[in-house]
Amino acid sequence: MKISVIVPCYNEEKYIIEVLKKINLQKNTFNIEIIVSDDKSTDNTLDILKNSSNLYDKLVIGEVNKGKGAAIKLALEKVTGDITLIQDADLEYSPEDYKKLLLPFFEKKADVVYGSRFSGSSEKRILYFHHRIANFLITLFSNLLTNLNFQDIETGYKVFKTDILKRLNLKEDSFGFEVEVTQKIAKLNLKIFEVGISYSGRTYLEGKKITTIDAFKAIYCIIKYRFTK
């Protein structure tokens, strides 16, 4: 089974090499292709990537900065694996969790797997309380509309059978991707799993990009995609 790892990135010059090295270590266990999707970075990320082509299989570059969703959609055009795994470039999520994320696919149990930051015994860095509350409310609202019992729909670790992901007709360009894809898979008769993962969240000084405004956008997207295609 071939795994396509999509790495959307924007201004990640501090972390991109380290995260790619960690993904490459997983090639000792899994058949992985790495697709980096640069969302028109304005720092040295792109130069670093071009000088480190041994660390990935494909590089795609957006024409303008649009957001995480746009970067994922661009990379999805190049995916050749049976399974597609989304890996943020900021080291908040550890590739050491790939075994847990992928096991349900190898056991032929799952169509989709989410990595939950709020379940299991894996270590978690303690950070902003208001982020935790916002995530809880967003997930609760989504669950009320979909009748699913997710713990963490805003997680960066989402894994899909590639054919399913490609037929979702994704539209969101920014962080709205997280809730759009959740609403769309909820409408299908899929086998969806959540597994506990480790999480080392960043502070804003360390480069965290998501804001309070994104939480309100998420609520809007939940309503939008619950009642539209």
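State the extension gain, in nm to one decimal, for the chain segment bounded by LYS224 and ILE61, taking 0.36 nm per residue of separation less the distance between their alpha-carbons.
Contour length minus the Cα-Cα distance gives 55.8 nm.
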Once MET1 and PHE216 are pulled to full extension, the length gained, defined as 0.36 nm per residue separation minus their Cα-Cα distance, is 73.6 nm
Taking only the alpha carbons of the stretch 92-191, the radius of gyration and the largest Cα-Cα distance, Dmax, both in angstrom, are 13.8, 37
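Only the coordinates and a few stated rules stand behind these numbers; no lab work does. As the structure is a computational prediction, the values presented were derived from the model and not from experiment.
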